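The values are calculated or read from the model by the stated rules, or taken from the named source; none is laboratory data. Since we're looking at a predicted model, the values are computed, not measured. Neighbour counts are summed over all protein chains in view; Cβ atoms, including those assigned to glycine, are modelled from backbone coordinates with ideal geometry. Note: accessible area is taken over every heavy atom of the protein model, side chains too, but ligands, DNA and RNA are not part of it. Shrake-Rupley method; radii C 1.70, N 1.55, O 1.52, S 1.80 Å.
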Amino acid sequence: MSADSKQPMRFTGALDADWDMIRQSLDGISDVIYRELTIGGVRRAVLVFISTNVNTDLIAKHIIEPLQKLDRKLAEQQQSYGVFTGIPIIDPATELRPAIIAILSGKTLMLTEGLAEASILNTKGGKQRSVQEPTSETVVRGPREGFTESLNVNVSLVRNKMKTTAFKTTSFSVGSLTKTNVVVGYLEHLAEPEMIKEIKRRVASIDMDGVLETGYIEELIEDNPLSPFPQFQYTERPDTAAAQLLEGRFVIFVDGTPFVLMGPVSAWQMIQSSEDYYERASIGTFLRWLRYGFLMIALFLPAIYIATITFHHDMLPTNLILSIAASREAIPFPALVEALIMELSFEALREAGVRLPKAVGSAVSILGALVIGQSAVQAGIVSAPMVIVVSLTGIASFCLPRFNFAITIRLLRFPLMFLAGIMGLYGIIVGAVLIAGHMCKLRSVGVPYLSGVAPYRKSDEDDIFVRLPWWKQEKRPTSLTSRNRKRMGSTTQIDKLRKRVPGW
Amino acid sequence: MRNNFIGAVMISLVVILTTGCWDRREVNDVAFVMGTALDKEGDKYRASIQVALPSQLGGSSSGGSGGGGGGSGKAWALFSKSGETIRIANNMEQAGIPRQLYFAHRRTFLVGEDMAKEGIAPLMDILGRLPQNRLSVFMVITEGPALPYMKVTSEIERFPSEIVRELAAAYMKSPAMAKTVIHRLLSEGMDLAIPAVRIVSQETGPGASDKTTIKMDGMAVFKDDKLVKQIFGQEAEALLLAMGEAQMVEVPIKPPRGKGTIVLRVQRPNVKLNPKVKSPDDIKFTLTLEGNVSVVENASAFDTASDSHLNELEEVLNTELEGRLKDLIKQLQTEYRSDPIGFAQTLYFHKPQLWRHIKNKWEMIYPTIKVEVISAMHMENTGTVLKPLGIQEEEMVE
C-alpha cells in the first residue's frame, strides 16, 4: 500500500484526486461503495463506506438527506458539513491512512470538494449479538447479563455499574492487520499508578499481526509465561469485572470477544465465585471451604490412592484395604497404569463432551458411563475403587469456578501421579513442595500470587479462607491498594442502629 | 538458560527414576496377616498366622475371571510353623507363601494357656521392635492351646481373628492392647489381667450344628509375666468391676419378696480405692463401687413403681456385688497372689515413703491387708414401664 511510504499521504482538497487515492487503496474490495452527492446543490462530495459494515439506513436518512436539503447559501459559506448531519460522532481526517482504517472498521468517510479536511462519520452497523446470559459462568443469584462481542457494549455494561469519573479507560489498537480495539479500564483513585503504567506499557508493546481473543493478550503480557498457573482472570460477567475494579484491579476489554481480562489475580481469587458475595456470608464461607476441600481432592486424590495401594498399605482401615485388594485381585496393570488409563479416558470424555454438538453429547455420556464405567470394571481391566477415585476427582475439578484454574489443577495431577507411583507419599510431598514454591514465587503484574497468605496480611484474611459479612470487610485488600482502602463509611453506625431499633 | 532447564529436567528424571520404586509393592503382592496364635511346643514357638484371601472376599465384582464367586469358600488361610523364635517361624511360613506377609493390619494376638504360663515377656520384644507390628494389637489369652481358635467355624465375621478383635475392643474400658500390656508389665505395684477366651459351640441343644465360636467372658490373671489362673463368668465380671474396667454389667437378682428374677444393668461403673494405713502391719483399703442402675427386665411380681421398692432393690444389688467382690479379692490375695486391682500401686501413689519401706515385704503383706468393699449403686430408671407388664394390679407384690 502506498500509505506505507515514509511521507504520510494527505488529502489535497481536490475531490477527484483524493477519490483516486482512496480508490487505489481500496482496490479489490468488492463491497466498497462510493456515493456521490451534491451538498445543498452546490458542493460535490463523496461518501466512502463498506456496505456490509455500516448502517445504510443511518447514512441515507441522517447524512445524505440533510446534506442534500441544506440551504444553498449556508452550503456555500461552510467549511465543514459534519454539523448538518445527524451523526453524533464525527472525527476530522487529513491523512489517508487513518481514513482507510476508519472505513475498514465500519465508518463513513466524507470527502468534500475544496476541503482538505475529510470527515469520518461513525456509522458502524452490521449484526451484533444482544446482551445475553453468560453461559460459562452461571449463578443462581446475581445479574443475568453477560458481555458480548462488541467492545462498546462491554465498556458500556461496566460503565453502567460505575457511575464515577474515576473509572478511566485508555484505548489501544492492537494487531497490525486486525487493528483490534483494546481498552484498559481502572478506577483512578484505587489502582496503583505504577501498575497501571506497567500494564499500559505491556499492552502498547504488543506487536502481532492479529489479536482475536483475550487469550492472545494474556499470553503476551503475563509475568511468567511458562507457569502452568493463569496469571489473569477472565470473565463474561460485568458484575465480576466491576467487583474487581472496586478492589483496585484493572480490566482489559478486547473487541470481538465476550471475555474480559482482569488482573492482578491471586490464587485465592481463583476459587471464589461472584455468588459467594451475593449469598449470605455463612453460605459463602461454606462454599469456599467446600471448594478448598475439593481443590485438594482434584489435585491429590489419585496420587494419594496410587501411593497408598502401592506403598503404604498400612494407612487405610483394614476392611477398606481388604476390599480394595479384593477388587484389584484380577487387575493386570499396576496401580499407576490403571490410574493413567482412567484419568486419560476421563479427560478425553470431558473434551469430547465440550466439543461435540449437543445432539451427540448424550451418546458420549452413554459410552463413557457404560463402556468405561461399567464394562471396564466387569472385564477386570480397571478396579471399581479406581473408577470411584477418578469420578470423584472429575467432580472435584468441576467444583472450581474458574475454568482456567481448574484445568491447571487437572494438568498438575499427572506429574503428581507419576511421583506417587515412583516414590509414594514422599513423592507427593516433593511435588506439593515444588508447586507451593512455584506459587510463592509467581507474580501477577507484580503482585504475589499467594498474597494475603504469603506475604501474610492480617487484614486480607477477611476474604480468603472465610467470606466475612460485608459489614466486617471495611477495607479493601492491602495487596492491591495502598491508598483509599476504606470500603465502608462506618460500621459502627450499623452497630448503633442495630442496638437502637428493636427487631433488628 | 534453555540448556540449563533441559539439564535440570534430565537430572531430576534420572534421580527420580533410579532411586524410586525400590519399595513398591502392589496391594495384590501382599498377604495381610489378620491374626497370630502363639503356642509353646517344647522349646519352640508355634506361630500360626491367619492370612486374608482377598479373592474370596467378593466385594464389588472382583473381575470376570472369578465370576463374582466371593463368599463360596473361607476368606482366610492358616499357616502354622514352629521355630526357635516367632520371627523364625514367620520366616518359615513366608517361604511357602508367594505374597509378602504384612503385619501392619494385624489386630489379634492370641497366646495359648501353656505359653502364657511360661511367661509372655519374651514375645513383647518382637511386637515393639518391628514397625509393622503394631502396638495396638489386642492381646488375648486362650483356654488351652491358641491354634484351634484360628479355626472356629462361626460365619458371623469373615475371619475368626475378627471375632476376637471385635470382642476385645468392647470388653474393657481400656482394651488390652500390646501397649497396655507392656505398660502393666513395667509399672510398679500392679499385676496384669487381660481378657481370656474359650471356644464354645455356637448353638446347643438337640439338632444343633457343630459350628463353633469364640466366647470372651474371662480374665487371665498374671503374676509378673506368668499366667496364674484364668477365671471365667461371674468371677471375671467381678474382677472387671474391681479393676474399674467393666463397660456394662447386667446382674440378675432375686426380689426381696416373692418369686422370680429381676435383671439390673449397671452402667459405666466406677471404682475408688482408698488406703488407710495405721502401721505396715495394719493396712486397710476401702473399695467403693459406684454406678447407675436401671431395670432391664422384671420377671417377677415385684412392683418397681415405688421409690421404697427401688431402694430395696438397690440394697439387694449392693449386697450381691459386695459379696462377689469380697470373694474375688480373697482369692486374689490368698490363692493367686496376684494384684491386678492395684492395691500396691495405690499405696505407692498415696504413701510413697511407706511403699519404699515395705516394697520388699509386699509379698508377705498382701494376703494380710483388709479390704472393705462398699457398693453404692444408684437406681436411675426402670425402663419405659414402671410396673411389671402383664400382671394384674392385685397380684403385685407390695
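Worth a mention:
- All told, A:LEU295 falls short of being part of a helix (DSSP H, G or I), within 16 Å of A:VAL390 (Cα to Cα) and either of a type in the set (Ser, Thr, Tyr) or more than 25 Å from the chain's Cα centre (by Cα) (or both).
- Odd one out for A:ILE395 among (1) touching a helix residue (DSSP H, G or I) at 6+ places or on another chain (Cβ under 7 Å); (2) at pLDDT 90 or above: (1)
- Considering region A:31-45, the residues that are open to solvent by less than 60 Å² (accessible area, probe 1.4 Å) and out of contact with any Lys or Arg (no Cβ under 7 Å at 6 or more places or on another chain) include one that is nearest to A:ILE100 (Cα to Cα), namely A:VAL32.
- Within region A:238-291, the set of residues being open to solvent by 10 Å² or more (accessible area, probe 1.4 Å) and acidic (Asp, Glu) comprises A:ASP239, A:GLU247, A:ASP255, A:GLU275, A:GLU279.
- Residue list for region A:418-432, filter: within 13 Å of chain B (Cβ to nearest Cβ), assigned to a helix (DSSP H, G or I) and either touching a residue at least 24 places away in the same chain (Cβ under 8 Å) or aliphatic (A, V, I, L, M) (or both): A:PHE418, A:LEU419, A:ALA420, A:GLY421, A:ILE422, A:MET423, A:LEU425, A:GLY427, A:ILE428, A:VAL430, A:GLY431
- Cβ-Cβ under 8 Å pairs, at least 6 apart or on other chains, region A:248-269 side without any contact (Cβ under 8 Å) to a residue 40 or more places away in the chain, far side of a type in the set (Asp, Glu) and open to solvent by 10 Å² or more (accessible area, probe 1.4 Å): none
- Region B:19-35, residues that are more than 8 Å from chain A (Cβ to nearest Cβ) and assigned to a loop (DSSP other than H, G, I, E, B): B:TRP22
- Tabulated pairs, region B:153-164, first assigned by TED's automatic domain parsing to the domain that holds B:THR213, second assigned to a loop (DSSP other than H, G, I, E, B), C-beta under 6 angstrom, 6+ apart or interchain: B:THR153/B:LYS211; B:SER154/B:GLN202; B:SER154/B:LYS211; B:ARG158/B:ALA75; B:PRO160/B:VAL152; B:ILE163/B:GLU157
- Subset of region A:324-352 (residues that are buried (at least 20 other Cβ atoms within 10 Å of the Cβ) and within 12 Å of another protein chain (Cβ to nearest Cβ)): A:ILE324, A:ALA325, A:ALA326, A:SER327, A:ARG328, A:GLU329, A:ILE331, A:ALA335, A:LEU336, A:GLU338
- The set of residues in region B:130-162 that are assigned to a helix (DSSP H, G or I) and open to solvent by 10 Å² or more (accessible area, probe 1.4 Å) comprises B:LEU147, B:PRO148, B:LYS151, B:GLU162.
- Which listed residue is at positive phi, assigned to a loop (DSSP other than H, G, I, E, B) and open to solvent by 60 Å² or more (accessible area, probe 1.4 Å), from A:GLY28, A:GLY13: A:GLY28
- Which numbered condition B:VAL15 misses (of (1) at pLDDT below 90; (2) away from chain A (no Cβ under 13 Å)): (2)
- Residue pairs meeting the criteria (Cβ under 8 Å; at least 6 apart or on separate chains; first touching a residue at least 12 places away in the same chain (Cβ under 8 Å) and under 13 Å from B:ALA37 (Cβ atoms), in region B:77-92; second open to solvent by less than 80 Å² (accessible area, probe 1.4 Å) and in a loop (DSSP other than H, G, I, E, B)): B:PHE79/B:GLY96; B:PHE79/B:ILE97
- Of all residues in region A:371-408, those satisfying the criterion of being farther than 14 Å from A:PHE346 by Cβ and touching a residue at least 60 places away in the same chain (Cβ under 8 Å) are A:PRO385, A:CYS399, A:LEU400, A:PRO401, A:ARG402, A:PHE403, A:ASN404, A:PHE405, A:THR408.
- Of the residues making up region B:81-126, those that are among the basic types (Lys, Arg) and within 18 Å of B:PRO145 (Cβ to Cβ) are B:LYS81, B:LYS117.
Let's see how each residue does on (1) modelled with pLDDT of 85 or more; (2) under 30 Å from A:TYR234 (Cα atoms); (3) surrounded by 17 or more Cβ atoms within 10 Å (Cβ to Cβ):
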position: A:LEU96; (1), (2), (3): yes, no, yes
position: A:ILE100; (1), (2), (3): yes, no, yes
position: A:SER119; (1), (2), (3): yes, no, yes
position: A:GLN128; (1), (2), (3): no, yes, no
position: A:PHE147; (1), (2), (3): yes, yes, yes
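- Cβ pairs under 7 Å, 6+ apart, first in region B:176-204 and within 21 Å of B:PRO131 (Cα to Cα) and in contact (Cβ under 8 Å) with a residue 60 or more places away in the chain, second of a type in the set (Gly, Ala, Ser) and open to solvent by 40 Å² or more (accessible area, probe 1.4 Å): B:LEU185/B:ALA121
- Residues of region B:36-78 satisfying the condition of being modelled with pLDDT of 90 or more and either within 30 Å of A:GLY431 (Cα to Cα) or facing chain A (nearest Cβ under 7 Å) (or both): B:ALA52
- Selection count where residues are part of a strand (DSSP E or B) and more than 14 Å from chain A (Cβ to nearest Cβ), scope region B:92-125: 3
- Condition check for A:SER397: open to solvent by less than 10 Å² (accessible area, probe 1.4 Å) and within 14 Å of chain B (Cβ to nearest Cβ): no
- Among the residues of region B:313-325, those that are more than 30 Å from B:LEU227 (Cα to Cα) and either buried (at least 20 other Cβ atoms within 10 Å of the Cβ) or at pLDDT below 90 (or both) comprise B:LEU313, B:LEU317.
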